[in-house]
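Structure first, commentary second.
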Amino acid sequence: MIAPAPASPGAPSLALPRSFWKDFTRKHWDREPVLFQGLFGGQGPSLQDIFEALVEATERTLKGELPPHRGIRFFIEHEDGPNGLPYYSILFAPSQAHLPSREDRDAHAYVERITRVLGGKRFGLVLNRTQTQHWRHWQQLHGFLASVHESSSMPLRSSDSAVFFGNYRYTPFGIHKDDLHIFYFVVEGTKRLSLWPFEALSQREELPRDPGLRQRNGIITLRDKADEERVLAQATVLEGRAGDLMYWPVSHWHRAEPTQGLSVSASLGLAVTPPEFISMAPPGEWPESVRPNEMPAGKGWRMPAALRTALRRQSRRQEMTALERERTTEWVRFLTGGTLEGAAPVAREAPLQPQEWIRATARRPIVSVPLPGGGLLVSANGHAQALAPAPTAHRRLEQLLETLNGGKPQQVEQLEQAFFHRMTGRGFSRNALRLLLDELVRWRGVERCEPPSSRRR
């Protein structure tokens, strides 16, 4: 077993050593599916974390806070159809009766309840952007991606975690392929997947003759049981258990196959297309990769030079400083979020008090970036806020973030005193500073901690 890189207490990480990624890139990346058994030694995503993420997403979905494609999809498996193949229905507006709740206590209690509600029918839950619903899951995937980025040049592509939860026999949407490279974490039970290289099924009559389909979404429509058997005869099968990791390239078709009992997995998809917020840019507008030493860091970090050049070029062409400010903000959020789609879930905490202590982590630094046209952008964990400090306060803000990024406990009152000490011309109010520190807590850029003396007792 290859042990993940060590993480700070309370900060789980799925980071893997550079030697692993070097070997993986040479043998498997964009080439073939692979199964790694017991890779994380029990440190991978847990069933309880996934259940908590589903409950959070349920509550937000029922409140209308999540768009349809980011909320929970609920599938019910019915009897086999006349062609011998199972079929599914999806509840587009599922009620609380169908979704996990805090009253269910845990995943297994929820499965017992929903099985009674459905009269024994099999079911499946799918949740996209799971990392935005659970802080520990976000930390784990951020650490996993960080080890990818540190080991090789990082494609400027977004990443997203999706959860598949249920006792369904087959993937509800059948044999398909995504526009993503997939890392697949088996969380609970057994997961059996059939996989096919693109060429094995690309000539089927229901598929478009699209030369770009290899890197796009596609779906296979099986005609009957005999057709299914012919297709399955060509498949490679991977079977993973809790704690295992699978990978398959963007080019591969896949479908989950029947297993016993509850099966839960979390996929991390790495897109092959540019981030959505730059989809309108002309081809070749943006650089293809960022070097490891260009990723967000603490003191003195600047946007990568190739990105700054592209931003200036686009703003000159559009003659819009506002566009460059907007794109700069999106890029900084994207990079401080470790390329994960969506920012880390916010912390629901009370405002800081002067006597409290806080600290940041150097592994996920808070960064500041000057904005075109003036102002300063502060960002952490995919969140960002534009500030408009006077010149006298601009450098003080950068020094404040450097102090926090040192990783040592800092008292709120002392930070405030140091910030305003001998400041000529109040270009930034005390209230604005308190609000910024509270935002950093909400973004999980800093966390409350004990004072240094109490931790030594």
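Each reported figure results from applying straightforward, stated rules to the coordinates on display, with no laboratory input. These numbers come from a predicted model, not from an experiment. In this analysis, Cβ positions are derived from the backbone assuming ideal geometry, glycine residues included, and neighbour counts consider all displayed protein chains.
Applying 1/(1 + (r/R0)^6) with r as the Cβ-Cβ distance of Ala297 and Arg230 and R0 = 45 angstrom yields a FRET efficiency of 0.25. Taking every alpha-carbon pair under 8 Å whose residues sit at least 6 apart, the stretch 104-166 reaches a relative contact order of 46 percent.
Equivalent ellipsoid of the stretch 135-255: semi-axes from √(5λ) of the C-alpha gyration tensor, largest first, are 28, 19, 12 Å. Loop-located trypsin sites (Lys or Arg not before Pro) in the stretch 332-374 (DSSP state not H, G, I, E or B) with no more than 10 neighbouring Cβ atoms inside 10 Å: Arg348.
Rounded to two decimals, the Cα-based Rg/Rh of the stretch 18-271, with Kirkwood Rh, is 0.95. Using the Stokes-Einstein relation with a Kirkwood hydrodynamic radius computed over Cα pairs, the translational diffusion coefficient of the stretch 278-455 at 25 °C and a viscosity of 0.890 mPa s comes to 142 µm²/s. Annotation: average projected area of the stretch 106-145 is 3.7 square nanometres, based on the convex hull of Cα atoms across all directions.
Taking the Cα centre of the stretch 399-457 as reference, the dipole from Cβ charges on Lys and Arg (+1) and Asp and Glu (-1) amounts to some 160 debye. The C-alpha atoms of the chain define a longest principal axis, and helix 321-336 lies at about 70 degrees to it. Building the convex hull from the alpha-carbon atoms of the chain and averaging its projection over directions returns 24.8 nm².
Contact order normalised by length for the chain, with contacts defined as Cα pairs under 8 Å and 6 or more residues apart; what percent is it? Answer for the chain is 16 percent. For the stretch 44-84, the list of trypsin sites (Lys or Arg not before Pro) that fall in a loop by DSSP and count at most 16 other C-beta atoms within 10 angstrom reads Lys63. Derived from the Cα gyration tensor, the three semi-axes of the equivalent ellipsoid of the stretch 187-319 are 40, 23, 11 Å, largest first.
Averaging Cα coordinates gives a centre for the stretch 140-216 and one for the stretch 218-277; these two points are 7 Å apart.
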